[in-house]
Amino acid sequence: MTNVARPSPIAWLIAPAGLVFVLFFVLPFAVMTAMSFYSGNPVTNPNAFLTTRHYERFIFDTAGIFHEALWSTLRIGLVTTLVSLLIGYPLAHWMARMQSRLGHALVLMAVIAPMLTGIVVRTFAWMTILQDKGVINTTLMQWGLIEKPLPLMYNEFGTIVALVHIYVPFMVLTLTGVIGRIDERLEQAARSLGAGRLRAFVEVTLPLSLPGILAGSLLVFALSISAYVTPSLMGGTDVLTLPMLIAQQVGTSFNPNFAGALGVILLLVSLAIVVAYNRILARLAGGQGMA
Amino acid sequence: MISRRKALRSGVGLAALASMGAPSILHAQTKTLKITTWGGKWGEVMKATVLPAFEKEFKCTVSADQAFPFLPKLQVSPKNDPIYDVLHTNSNEQWNAVVEGLVMNKITAKEVPNVADVYPYAVSDKIVGVTIFTSAIGLGYRTDKGLAKPTSWKALADPKLAGARGGYLIPVNSLGQAHLMMLGKVYGKGLTDLDAAYKALEALKPIKLVDFTGQMEKMLLSAEVSMGVIHDSGVYRYEGANMQPVDFASPSEGVLALEQVLNVTPGSKVKELAFAYIDYMLRPDVQKLLAEAVWYSPANKKVKLEAKYDAKLLTTPEKVATLIQPDWKWYNARREDIDARVTKILKG
């Protein structure tokens, strides 16, 4: 009798996640990519033909807005990620090293609490704070500190402020887990060998937490570059991102093919940045690829 | 002991008995009309009063989609079994839909008898389907900022309003698109004079832009802007108990029409019911109910509104004559270029 290779139990456990990934990412992405190479919807329009015109439209950018929108998307994503890391890392480090269980639980609740409110609601809250007649500008003008409103909203600044507020919890939660697993005795050993607090952190804790920095940064970057609601509400005339353009193409220009091409371009550019970021961090950590 | 055959037989019998009174079986015999409709106050009135009455009278169920945008969903559904039987949108989207063969070209009195009673604008050559209501797009303004009631579209360009005027993200909002065409008429040779419109748009900077009218209402109410492009309904609804220091002005050059258009999908399996629904929506009593709920001007000439609504809405041939209907077919054909141009103008 021949032995038939049977899938391991772990394969059965992974199967549902694999199926979800195929059904809700691979398949839709394949359809979107295929659509981006058609002039129309080949299912409902028999005259639709294969074309590269949507990609040419983006590459040659005769309209003069698409390259700027891509750069604006990446710039907002990078700045949001950096600021979230700068705010999130100290908080995550503090949480990970906290001895009090109650204190840890309270800080964790404080970090998670904003996530219990919808993004639209949080963005509207920021609008009431940052707009020209908002809390900050009205207060400053009433106190006579400024004569006209500060430009806190309808620009990239306001967009990034709101995005950072929304995505910092993702950074903190990712980093807390990684920093919490770093053996504190390593840092103590470094200090007992004469390293100062800062040097021990820079040479021991920080390199060991690079996987967390990578994971948190990628998560926040991915969420920021795909954000639609917040840039739309906070950005005014100054902000035009690729997700906004994609929504325009689908929702009001009724051109899903060009929207598909923009989606593919955004994914490819983002993947290139992620690979480069991974390699830079791996080099800094002195190892190979980290993700 | 019960045999397997006996058990099966009794099971089938019980199932048959149960199905006699089962609502799901009865439901399957009832026709379902799939429509699109707005949310907000309009949606509340539709769901509470208008649709239940229609379902009762026509012995059907109505499935109403309020999740905008509707056209992309219709685009991907099979033409011979569309996701909607009746498409309710503003006029420009109907023009996009008709180009792709997703809706009928015209609705006449032959299919919908009440079409015989509508104002000419409701079935004009600028309309695909039939208009059931219209709003007037003009200027909303704060009455507590010392501003004179604007009499011209040019009032929006007053330098005093720098940073305190409101408009729309033109690529995504039909009020913004209509306003752009109006700038061509006011500052140039007509609605299609895009060069004049672009120049006038540039002169409106700095301007606060939003992507839907609800946001413009909020900006006016919070005094974030002192004057903005808006439809009359978006201002008049704050009268009475909701009184706010805002008012609506109809510029002397004319107001732009923001039509609520109904149309039938050619592949609908319940076309007769779809026509009956449009006819029902054009009935004077239904028109009056909705018009007074949301301050829309009814398309049916026979509708008699209460005095306070009648005074402000477009309910006479003379008032209706002030409506300007944009040529959306012309606009949509140039849309890509216009979107790119206005985005560049307004950015920064």
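Residue pairs whose Cβ atoms lie under 6 Å apart, separated by 6 or more positions or on different chains, with the first residue in the range A:183-199 and under 16 Å from A:H93 (Cα atoms) and the second open to solvent by 100 Å² or more (accessible area, probe 1.4 Å), do not occur.
Listed by position, the helices (runs of 4 or more DSSP H) enclosed by the range A:1-94 that each have at least 3 residues that are over 19 Å from the mean Cα position of the chain (by Cα) and surrounded by 15 or more Cβ atoms within 10 Å (Cβ to Cβ) are A:27-36, A:53-60. A:L175 meets all of the listed conditions (1) crowded, with 22+ Cβ neighbours inside 10 Å; (2) without any contact (Cβ under 8 Å) to a residue 24 or more places away in the chain; (3) among the aliphatic types (A, V, I, L, M) but one, namely (2).
Looking only at residues in the range B:189-204 that are in a loop (DSSP other than H, G, I, E, B) and without any contact (Cβ under 8 Å) to a residue 40 or more places away in the chain, the one that is most open to solvent (accessible area, probe 1.4 Å) is B:K189.
Pairs are defined by a Cβ separation below 8 Å, a sequence spacing of at least 6 or placement on different chains, a first member in the range B:281-299 that is of a type in the set (F, W, Y), and a second member that is open to solvent by less than 20 Å² (accessible area, probe 1.4 Å) and in a loop (DSSP other than H, G, I, E, B); the pairs so defined are B:W295/B:D232; B:W295/B:L313; B:Y296/B:L313.
Inspect all residues belonging to the range A:243-254 and state whether any of them is among the β-branched types (V, I, T) and at the interface with chain B (Cβ under 8 Å from one of its Cβ atoms). Yes, that holds for at least one residue. B:V99 satisfies every condition listed in (1) over 20 Å from B:M227 (Cα atoms); (2) not assigned by TED's automatic domain parsing to the domain that holds B:P78 except (2).
So, in the range A:115-134, of the ones that are of a type in the set (S, T, Y) and more than 11 Å from chain B (Cβ to nearest Cβ), which residue ends up least open to solvent (accessible area, probe 1.4 Å)? Outline the logic, then answer.
First, the residues of the range A:115-134 that are of a type in the set (S, T, Y): A:117, A:123, A:128.
After this cut, where a residue has to be more than 11 Å from chain B (Cβ to nearest Cβ) as well, the list is A:117, A:123.
Numbers: A:T117: 56, A:T123: 0 Å².
This residue is A:T123.
Taking the residues in the range A:135-166 that are of a type in the set (D, E, K, R) and open to solvent by 70 Å² or more (accessible area, probe 1.4 Å) as candidates, determine which candidate is nearest to the other protein chains (Cβ to nearest Cβ). Out of the qualifying residues, it is A:K148. Just one residue in the set B:V229, B:V235, B:V225, B:V186 is part of a strand (DSSP E or B) and either in contact (Cβ under 8 Å) with a residue 60 or more places away in the chain or over 16 Å from the mean Cα position of the chain (by Cα) (or both); that residue is B:V229.
State yes or no: is A:V229 of a type in the set (A, V, I, L, M, F, W, C) and either surrounded by 22 or more Cβ atoms within 10 Å (Cβ to Cβ) or within 14 Å of chain B (Cβ to nearest Cβ) (or both)?
Values: of a type in the set (A, V, I, L, M, F, W, C): yes; either surrounded by 22 or more Cβ atoms within 10 Å (Cβ to Cβ) or within 14 Å of chain B (Cβ to nearest Cβ) (or both): yes.
Criteria met by A:V229.
Among the residues making up the range B:72-106, those that are over 17 Å from the mean Cα position of the chain (by Cα), among the aliphatic types (A, V, I, L, M) and either more than 19 Å from A:N257 (Cα to Cα) or away from chain A (no Cβ under 14 Å) (or both) are B:I83, B:M104.
When B:K344, B:K312, B:K319 are checked against the criterion of being within 14 Å of another protein chain (Cβ to nearest Cβ), open to solvent by 20 Å² or more (accessible area, probe 1.4 Å) and closer than 29 Å to B:V186 by Cβ, a single residue qualifies: B:K344.
Put simply, of B:M104, B:M46, B:M20 the only residue that is over 23 Å from B:V286 (Cα atoms), among the hydrophobic types (A, V, I, L, M, F, W, C) and modelled with pLDDT of 95 or more is B:M104.
Output the residues belonging to the range B:139-160 that are surrounded by fewer than 23 Cβ atoms within 10 Å (Cβ to Cβ) and within 20 Å of B:N173 (Cβ to Cβ). Talk me through it step by step, then tell me what you get.
Initially, the range B:139-160 is screened for residues surrounded by fewer than 23 Cβ atoms within 10 Å (Cβ to Cβ), giving B:142-152, B:154-155, B:157-160.
B:A157 - this is the single residue of the range B:139-160 that is surrounded by fewer than 23 Cβ atoms within 10 Å (Cβ to Cβ) and within 20 Å of B:N173 (Cβ to Cβ).
Considering only residues that are free of Cβ contacts under 8 Å to residues at least 40 places away in the same chain and either more than 14 Å from chain A (Cβ to nearest Cβ) or among the small types (G, A, S) (or both), which ones fall in the range B:159-183? The answer is B:P159, B:L183.
Condition first: modelled with pLDDT under 85, aliphatic (A, V, I, L, M) and under 21 Å from A:A261 (Cα atoms). Now tell me which residues in the range A:1-52 satisfy that. The one that is modelled with pLDDT under 85, aliphatic (A, V, I, L, M) and under 21 Å from A:A261 (Cα atoms): A:V43.
Filtering the range B:61-95 to residues that are open to solvent by 10 Å² or more (accessible area, probe 1.4 Å) and closer than 21 Å to B:E44 by Cα leaves B:T61, B:V62, B:S63, B:A64, B:D65, B:Q66, B:A67, B:F68, B:P69, B:N90.
Please work out if A:G236 is buried (at least 18 other Cβ atoms within 10 Å of the Cβ), in contact with a Ser or Thr (Cβ under 8 Å, 6 or more places away or on another chain) and either in contact (Cβ under 8 Å) with a residue 40 or more places away in the chain or away from chain B (no Cβ under 11 Å) (or both). Give the derivation first.
Details: buried (at least 18 other Cβ atoms within 10 Å of the Cβ): yes; in contact with a Ser or Thr (Cβ under 8 Å, 6 or more places away or on another chain): no; either in contact (Cβ under 8 Å) with a residue 40 or more places away in the chain or away from chain B (no Cβ under 11 Å) (or both): yes.
When the stated conditions are applied, A:G236 does not pass them.
So for the range B:255-275 (the condition being open to solvent by less than 50 Å² (accessible area, probe 1.4 Å), assigned to a loop (DSSP other than H, G, I, E, B) and of a type in the set (A, V, I, L, M)), does at least one residue qualify? Write out each step before concluding.
First, the residues of the range B:255-275 that are open to solvent by less than 50 Å² (accessible area, probe 1.4 Å): B:255-265, B:267-268, B:270, B:273-275.
Keeping just the survivors that are assigned to a loop (DSSP other than H, G, I, E, B) gives B:265, B:267-268, B:270.
Subset that is of a type in the set (A, V, I, L, M): B:270.
Checking the range B:255-275: at least one residue is open to solvent by less than 50 Å² (accessible area, probe 1.4 Å), assigned to a loop (DSSP other than H, G, I, E, B) and of a type in the set (A, V, I, L, M).
The values are calculated or read from the model by the stated rules, or taken from the named source; none is laboratory data. Computed from a predicted structure; not experimentally measured. Cβ atoms come from the backbone with ideal geometry, glycine included; neighbour counts cover every protein chain shown. Side chains included, ligands, DNA and RNA excluded: accessible areas come from the protein's heavy atoms. Shrake-Rupley method; radii C 1.70, N 1.55, O 1.52, S 1.80 Å.
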